[in-house]
Amino acid sequence: MEIIRVKDAQAGGEKAFELIKAGMDKGIQTLGLATGSTPIPLYRQMTGSDLDFSNMTSINLDEYVGLGVEDEQSYRHFMNDNLFDQKPFKETFVPNGKAENLEAECQRYDAIIDAHPVDIQILGIGRNGHIGFNEPGADLNGTTAVVNLTESTIEANKRFFDKVEDVPTKAISMGIASIMKGKQIILMAFGEDKAEAIYGMVKGPVTNHVPASALQNHDDVIVIVDDAAAAKL
Ligand code: GLP
């Protein structure tokens with residue numbers, strides 16, 4: 001893993017943007033995208049740039065079960081709002097959290113991932129070391145699946161909802177094996193809340209107790225962190 005230290009989240013977003021721009025100059029076609037507060041500075045760089053994404057495809061990591069584009073807290077809504085409405089892509093994929101048959105939706109999503117190999121995968125990280133919604137205990141060889149969210153993730157994500165009872169308890173998430181298919185992975189983490197997870201990911205053993213530690217087995221991972229997130233390295 002290559003660790004790049006930056007001053008703050010803004011500088012981290014700028015760095016990730018440079019890497020995406022360099023990739024696009026070389027002709028990459030597919031971006032794997034993430035939600036959460038971490039990638040917002042990157043998306044601001046993208047929307048504020050003169051880059052044209054209309055020939056690009058994007059594939060998002062996850063979506064809450066039961067939420068659709070009309071729900072402000074859905075990840076589809078987040079992506080449209082923060083990126084796609086301002087910078088149209090050729091195609092954008094987010095799991096359908098309102099699919100009647102969730103198992104079929106997972107299979108459909110895996111077929112999408114296989115048809116559009118991800119060139120650069122953007123990731124954040126949960127405080128417990130989750131990536132996408134692959135919580136501690138996840139199958140490191142898993143593909144897209146319906147997953148139960150842990151109490152700590154529900155607690156961390158409640159800030160986006162009116163009350164904790166409104167936070168969905170399930171999500172559809174790309175699995176660790178699906179994420180590992182990305183040719184290059186750029187994971188960003190900022191703030192002291194992420195220090196333990198970053199330590200486990202970089203220095204700890206590869207274990208499903210810290211799902212992000214699986215990235216040690218990928219040969220092109222760039223970790224962009226501020227000093228607070230890197231404090232335990
Ligand atoms: C959610 C998302 C993850 C994200 C994590 C951290 O659980 N499923 O993809 O990395 O939150 O969010 P934040 O960037 O807001 O700290």
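Some points to look at:
- Remark: accessible surface ordering of 92, 30 (largest first) is 92, 30, probe radius 1.4 Å.
- Evaluating 6.51 cos²θ - 1.76 cosθ + 1.60 at θ = phi - 60° for every residue in the range 122-128, the Karplus couplings come out as 8, 9, x, 8, x, 4, 9 Hz, glycine and proline recorded as x.
- Antiparallel bridges, percent of DSSP beta bridges restricted to the chain (to nearest 5): 25 percent
- Spin-label model distance (nm) - residue 227 vs residue 73, 7 Å beyond Cα toward Cβ: 3.6 nm
- Whole-percent carbon and sulfur share, accessible surface of the chain, 1.4 Å: 45 percent
- Nearest-20 debye value, the range 2-226 charge dipole, Cβ charges on Lys, Arg, Asp, Glu: 460 debye
- Candidate lysines for bridging to residue 7, where Cα separation is under 19 Å - those fewer than 8 sequence places away on the same chain excluded: 15, 194, 232
- Computed FRET value (nearest 0.05) for residue 170 with residue 81, which takes r as the C-beta separation and R₀ as 22 Å: 0.45
- Accessible surface area normalised per residue over the chain is 44 Å², counting heavy atoms of protein chains with a 1.4 Å rolling probe.
- Inter-centroid distance (Cα atoms) of the range 75-112 relative to the range 52-68, Å: 4 Å
- Amide H contacts under 5 Å for residue 71: none, restricted to partners 5 or more places along the chain or on a different chain, H placed in the peptide plane at 1.01 Å from N.
- Length gained when the stretch residue 5-residue 152 is fully extended (0.36 nm per residue, less Cα-Cα span): 50.2 nm
- Residue 218-residue 47 FRET efficiency (beta carbon distance; Förster radius 22 Å; 0.05 resolution): 0.20
- Helical runs assigned H by DSSP (4 residues or longer) give the chain a calculated mean residue ellipticity at 222 nm of -8000 deg cm²/dmol, each run adding -39500 (n - 2.57) before division by the residue total.
- Considering only 204, 172, 153, the residue lying farthest towards the positive end of the dipole of the chain is 204, judged by Cα position with unit charges set on Cβ.
- Building the convex hull from the alpha-carbon atoms of the chain and averaging its projection over directions returns 11.4 nm².
The values are calculated or read from the model by the stated rules, or taken from the named source; none is laboratory data. Keep in mind the model is a prediction, meaning the values are calculated, not measured. Virtual Cβ from ideal backbone geometry, glycine too; neighbours counted across all protein chains shown. SASA here: full protein model, heavy atoms, side chains in, ligands and nucleic acids out. Shrake-Rupley method; radii C 1.70, N 1.55, O 1.52, S 1.80 Å.
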